[in-house]
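Visitor: Have a look at this one.
The values are calculated or read from the model by the stated rules, or taken from the named source; none is laboratory data. The structure presented is a predicted model; accordingly, all values stated were derived computationally and were not measured. Quick reminder, even Gly has a Cβ in these numbers, built from the backbone with ideal geometry, and neighbours come from all protein chains shown.
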């Protein structure tokens, strides 16, 4: 019986990845556990998951081609068709790109590449829109609370400027999508936490299509402004509890309008 590969690099010797010995040994040990016969029924998904891990840990670095279908099929003890299916899965989520005549390459990870497929799915999956709102309820009230404790006069001035621009567009009947998004980004910056800022940027990217649609609904722009005003008022008082409550109410109002649009 063909045994799993033991301590063999998947990359050609001339292209071996240089890294500290301890890190290399850890990666190799993890790699050997991942590169072994597949026994699960959902073969292509399991292969895709193992290759994903090998990309993320640097075993398969961006810019260097993966081993071909045949050697991977032999090492995973699966068919070449299963390898192709796994490649297609990883191409769909932006982790791989196939270059004609050159091979299949891992791609550098960035937020835009990872968010775009999910944003596309959200545009036609109402059930996932509901779950995205649930994520907002978990995350954004906590952001508002933290912002209330750390907000500066400059932050408040930025938020007031965004609110004023939103009000002007509301009066003239124009879309305030840009201002709506900018408000939540400015609130995240007020937390002085770069991870929060990055997460909020990702969340805003996922919400673009949803906001574009809901801001056209009757009553939604007015409620958006009112919700933002209540949040800013709580920030001005440095009242974390009120800021969190105002944000939660703001999100609940949006959810209500999505379920029951005003006629």
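Visitor: Any idea which of 220, 212, 237 is under 16 Å from residue 169 (Cα atoms), surrounded by fewer than 17 Cβ atoms within 10 Å (Cβ to Cβ) and assigned by TED's automatic domain parsing to the domain that holds residue 184? Give the steps one after another, and end with the answer.
Guide: Values: 220 fails: surrounded by fewer than 17 Cβ atoms within 10 Å (Cβ to Cβ); 237 fails: under 16 Å from residue 169 (Cα atoms).
212 is the lone residue from the list that is under 16 Å from residue 169 (Cα atoms), surrounded by fewer than 17 Cβ atoms within 10 Å (Cβ to Cβ) and assigned by TED's automatic domain parsing to the domain that holds residue 184.
Visitor: Name the residue that is modelled with the lowest pLDDT, counting only residues in region 98-111 that are surrounded by 12 or more Cβ atoms within 10 Å (Cβ to Cβ) and not in a loop (DSSP other than H, G, I, E, B).
Guide: Result: 111.
Visitor: Consider residue 164 carefully, then state whether it is free of Cβ contacts under 8 Å to residues at least 12 places away in the same chain and farther than 14 Å from residue 250 by Cβ.
Guide: The answer is yes for residue 164.
Visitor: Same structure again: Being in contact with a strand residue (DSSP E or B) (Cβ under 8 Å, 6 or more places away or on another chain) and crowded, with 19+ Cβ neighbours inside 10 Å is the filter here, so list the residues in region 84-97 that pass it.
Guide: Those that are in contact with a strand residue (DSSP E or B) (Cβ under 8 Å, 6 or more places away or on another chain) and crowded, with 19+ Cβ neighbours inside 10 Å: 87, 90, 95, 96.
Visitor: Only one of 255, 243, 188 is modelled with pLDDT of 80 or more, part of a helix (DSSP H, G or I) and surrounded by fewer than 19 Cβ atoms within 10 Å (Cβ to Cβ); which?
Guide: Matching residue, one of 255, 243, 188: 255.
Visitor: As an exercise: evaluate residue 203 against (1) more than 20 Å from the chain's Cα centre (by Cα); (2) assigned to a helix (DSSP H, G or I) and give the number of the one condition it does not meet.
Guide: Failed condition: (1).
Visitor: Across region 55-75, what is the number of residues that are at pLDDT 90 or above, under 17 Å from residue 95 (Cβ atoms) and in a helix (DSSP H, G or I)?
Guide: Selection size over region 55-75: 2.
Visitor: Of the residues 178, 151, 196, 232, only one is farther than 20 Å from residue 141 by Cβ and in the same structural domain as residue 129 (by TED's automatic domain parsing); which?
Guide: One residue alone meets the criteria, 178.
Visitor: Out of the residues in region 57-83 that are under 12 Å from residue 96 (Cα atoms) and within 23 Å of the chain's Cα centre (by Cα), state the one that is surrounded by the fewest Cβ atoms within 10 Å (Cβ to Cβ).
Guide: Checked region 57-83; the qualifying residue surrounded by the fewest Cβ atoms within 10 Å (Cβ to Cβ) is 63.
Visitor: Considering (1) modelled with pLDDT of 90 or more; (2) over 17 Å from the mean Cα position of the chain (by Cα); (3) in the same structural domain as residue 254 (by TED's automatic domain parsing), say which one residue 124 fails and leave the rest.
Guide: (1)
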